[in-house]
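To start, I am sharing the structure in question, which I have written as structure tokens.
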Number of protein chains: 2
Amino acid sequence: MNGECDGKCNSCSQVNECTDPQKEKWEQEQRLKQKISKIKHKIAVISGKGGVGKSTVTVNLAMAFAIYKGANKVGILDADIHGPTVPKMLGLKGQKLQANPTGISPVTGPSGIKVVSMDFLLPNDAAPVIWRGPLKMKAIQQFLSDITWGELDFLFVDLPPGTGDEPLSVMQLIPDMDGVVIVTIPSEVSQNVVKKAVTFARRLGVPVIGIVENMSGFICPECGAKVDIFKVGGGQKIAQDLSVPFLGSIPIDPEICSDSDKGTPFIAEHPNSPATKAFTEIVKKIENFLQHHALKEEVAK
Amino acid sequence: MNGECDGKCNSCSQVNECTDPQKEKWEQEQRLKQKISKIKHKIAVISGKGGVGKSTVTVNLAMAFAIYKGANKVGILDADIHGPTVPKMLGLKGQKLQANPTGISPVTGPSGIKVVSMDFLLPNDAAPVIWRGPLKMKAIQQFLSDITWGELDFLFVDLPPGTGDEPLSVMQLIPDMDGVVIVTIPSEVSQNVVKKAVTFARRLGVPVIGIVENMSGFICPECGAKVDIFKVGGGQKIAQDLSVPFLGSIPIDPEICSDSDKGTPFIAEHPNSPATKAFTEIVKKIENFLQHHALKEEVAK
């Protein structure tokens, strides 16, 4: 069909009742483009290695932008099909996507953040999604094309770790992604995997906004001693080595885990904590990147 | 070909020069069965969520069994195609799989542990493996069918998080898996994903050996205060809720991270630490499970 579709099916020449899969595919692509065009900035949050706090960083970044930008302007697409955790972290467990006359709506979380996650489609917590790649690609495509996201300033896409089906699908489905934020912990084992994430983004032609070092150092709440559980400084070092911006370090704080479990985003609960200050600095750097990037595109025109 | 192959190709009737893909597939399956039949116990280490220390647990369990069982009797298949970390943790970075007259050999690590990982095939650390599911399935199949594992008492398979292509492939390729060890951290967010891992194993008919709670509590090395960074007890609770055995809790110890980075397995370096004692208890429980399981199969015959 190659974009020249006149609405008529190539196989049967019928317009309304046609079920030709090619036409369906083309229509879905058009819907996806139309939905995505209403979202100003698309940012993917990735990590080479799992469990570095990628979802925690996504949720708190989205929250920071939502507080700053106003309600209903920020969305999160939880693209982790097998282990979606964003709903739990935003206190949205048990919610479902709702169909209404204009389409299927995202679930609205704190500060009006619009959230779409596989979790909203599962019957219960114990249900695993035992899917191979092509089905996951299809699900993510539908999340983008068939959900009424509306006009958004920011969409954060929380991707599962690695460089496999889901990250590839998202990068291919959203060709005008502003960039990726890469989350890591300071350990060397994690650093090795960060290099892969940077090369992945570069190969796909997506700008690297920068690296966030999470779980960076720990201050004992009893005695104030600083203990580097997963070491410190690895994020900054790897950013230098790979010539990508370093966005900041977020210290380990047991309250972050406890808030995630309670479903209350940390930065809203603890506005004066060192971790919240770190998030605020990261937000500023992301904004600078976006402005700079827009300027560069303007000049290039 | 359905197992009735006489070595002749269905398409061309030639024996030696035949390149019929069906015959190749059948031959590979035969090689896989033959290789796997020489391995006494196959145990997969899984987690719903990433970054819970699954690879650290795999490496230290394998090490414990290798010390106990003697050299060259334990293997690790690092089935994390996108973010392989086992070689780094065992000090095997930069090693390559070697071809010799009898086939391709695993790399030999400390205490004679035989290791196969995607990492041994990559040109450098920065090279990401940007593969979708079918290619990953093929790679894992070859790791099992074309590597000269030899006679092993134990093969530990370190799986990437989730319930997608790699875990599915491994479970389908090794139908007589003894069972799975599920690793989690105590946080509620992780607990929700553990439920999925247990259902996944049950659906595929693989026994759950038990749950390990990693990063359980933290004792400040300066003042001795106990700080529950990711909470404590979640693993035991979820094991009870799901009626699966609880294998033990491994406390957070900054030395574990530091040893992983150095490539020296923790339990060999710190034989008297609380974390090593926890590993030893877990090993005993796994052995009990295997004996009990063997007995049950004997009775069933």
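Can you tell me which of (1) at pLDDT below 90; (2) of a type in the set (A, V, I, L, M); (3) in contact with a helix residue (DSSP H, G or I) (Cβ under 9 Å, 6 or more places away or on another chain) is the one residue B:286 doesn't meet?
Of the numbered conditions (1) at pLDDT below 90; (2) of a type in the set (A, V, I, L, M); (3) in contact with a helix residue (DSSP H, G or I) (Cβ under 9 Å, 6 or more places away or on another chain), the odd one out for residue B:286 is (1).
Hey, another quick one. For the range A:200-216, which residues satisfy the criterion of being away from every other protein chain (no Cβ under 13 Å) and closer than 19 Å to residue A:55 by Cβ?
Within the range A:200-216, A:209, A:210, A:211, A:212, A:213 meet the criteria.
Given the conditions (1) modelled with pLDDT of 85 or more; (2) facing another protein chain (nearest Cβ under 9 Å), which single one is not true for residue B:230?
Result: residue B:230 passes all but (1).
Condition first: among the β-branched types (Val, Ile, Thr) and crowded, with 23+ Cβ neighbours inside 10 Å. Now tell me which residues in the range A:230-257 satisfy that.
A:238, A:250, A:252, A:256
Same structure, new question: Going by the structure shown, is residue B:219 more than 9 Å from chain A (Cβ to nearest Cβ) and farther than 21 Å from residue B:166 by Cα?
yes
Applying the selection to the range B:103-120, what residues are among the hydrophobic types (A, V, I, L, M, F, W, C) and under 21 Å from residue A:202 (Cβ atoms)? Spell out how you get there, then give the answer.
Looking only at the range B:103-120, we keep the residues that are among the hydrophobic types (A, V, I, L, M, F, W, C), and these are B:104, B:107, B:113, B:115-116, B:118, B:120.
The one that is among the hydrophobic types (A, V, I, L, M, F, W, C) and under 21 Å from residue A:202 (Cβ atoms): B:118.
Of all residues in the range A:276-301, how many are touching a strand residue (DSSP E or B) at 6+ places or on another chain (Cβ under 6 Å) and of a type in the set (S, T, N, Q)?
0
Being under 20 Å from residue A:177 (Cβ atoms), of a type outside the set (Gly, Ala, Ser) and out of contact with any Leu (no Cβ under 6 Å at 6 or more places or on another chain) narrows it down to one of A:293, A:270, so name that one.
So the residue among A:293, A:270 that is under 20 Å from residue A:177 (Cβ atoms), of a type outside the set (Gly, Ala, Ser) and out of contact with any Leu (no Cβ under 6 Å at 6 or more places or on another chain) is A:293.
Check residue B:237 against each of (1) at the interface with chain A (Cβ under 10 Å from one of its Cβ atoms); (2) at negative phi and name the one condition it does not meet.
Result: residue B:237 fails condition (1) only.
Could you list, in sequence order, the residues of the range B:38-69 that are assigned to a strand (DSSP E or B), at pLDDT 95 or above and under 9 Å from the mean Cα position of the chain (by Cα)?
B:42, B:43, B:44, B:45
Specify the residue that is modelled with the highest pLDDT; the eligible residues are those in the range A:4-21 that are exposed (fewer than 14 other Cβ atoms within 10 Å of the Cβ) and closer than 23 Å to residue A:147 by Cβ.
A:21
On the basis of being of a type in the set (S, T, N, Q), modelled with pLDDT of 90 or more and more than 26 Å from residue A:172 (Cα to Cα), does residue A:280 make the cut?
yes
Conditions first: (1) modelled with pLDDT under 95; (2) among the aliphatic types (A, V, I, L, M); (3) over 29 Å from residue B:277 (Cβ atoms). Residue B:116 passes all but one, so which condition is the exception?
Condition not satisfied by residue B:116: (1).
If you don't mind, another one. Can you tell me which condition residue B:200 does not meet? The list is (1) modelled with pLDDT of 85 or more; (2) under 23 Å from residue A:264 (Cα atoms); (3) of a type in the set (Phe, Trp, Tyr), and all the others hold.
(2)
Let me ask you something else. Just the residues that are within 14 Å of chain A (Cβ to nearest Cβ) and either surrounded by fewer than 21 Cβ atoms within 10 Å (Cβ to Cβ) or closer than 21 Å to residue A:133 by Cα (or both), please, taken from the range B:106-118.
Correct list: B:118 only.
Let me ask you something else. In the range A:47-62, how many residues are farther than 11 Å from residue A:184 by Cβ and in contact with a strand residue (DSSP E or B) (Cβ under 8 Å, 6 or more places away or on another chain)?
Residues flagged as farther than 11 Å from residue A:184 by Cβ and in contact with a strand residue (DSSP E or B) (Cβ under 8 Å, 6 or more places away or on another chain) within the range A:47-62 amount to 5.
Under the condition of being under 19 Å from residue A:247 (Cα atoms) and of a type in the set (Gly, Ala, Ser), which residue from the range A:154-199 is nearest to the other protein chains (Cβ to nearest Cβ)?
That would be A:187.
For the range B:65-83, give me the residue count where each residue is crowded, with 24+ Cβ neighbours inside 10 Å and farther than 26 Å from residue B:133 by Cβ.
2
Residue-by-condition table, conditions (1) crowded, with 24+ Cβ neighbours inside 10 Å; (2) of a type in the set (Phe, Trp, Tyr); (3) within 15 Å of the chain's Cα centre (by Cα):
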residue: A:104; (1), (2), (3): no, no, no
residue: A:120; (1), (2), (3): no, yes, no
residue: A:125; (1), (2), (3): no, no, no
residue: A:143; (1), (2), (3): yes, yes, yes
residue: A:168; (1), (2), (3): no, no, yes
residue: A:171; (1), (2), (3): no, no, yes
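In the list A:86, A:129, which residue meets the criterion of being touching a Lys or Arg at 6+ places or on another chain (Cβ under 9 Å) and either buried (at least 17 other Cβ atoms within 10 Å of the Cβ) or in contact (Cβ under 8 Å) with a residue 40 or more places away in the chain (or both)?
A:129
Residue check, residue B:99 against (1) within 14 Å of chain A (Cβ to nearest Cβ); (2) more than 20 Å from residue B:260 (Cβ to Cβ); (3) small (Gly, Ala, Ser), all met but one. Which one?
(1)
Could you count how many residues in the range B:123-153 are among the polar types (S, T, N, Q) and either at the interface with chain A (Cβ under 9 Å from one of its Cβ atoms) or under 14 Å from residue A:162 (Cβ atoms) (or both)? Explain how you work it out, then say what you get.
Taking the range B:123-153 and keeping what is among the polar types (S, T, N, Q), we get B:124, B:141-142, B:145, B:148.
Filter once more, so that each one left must be either at the interface with chain A (Cβ under 9 Å from one of its Cβ atoms) or under 14 Å from residue A:162 (Cβ atoms) (or both): B:124.
Residues meeting the conditions: 1.
The values are calculated or read from the model by the stated rules, or taken from the named source; none is laboratory data. Keep in mind that what you see is a predicted model, and the values were worked out from it rather than measured. Reconstructed Cβ throughout: ideal geometry from the backbone, glycine too, with neighbour counts over all protein chains shown.
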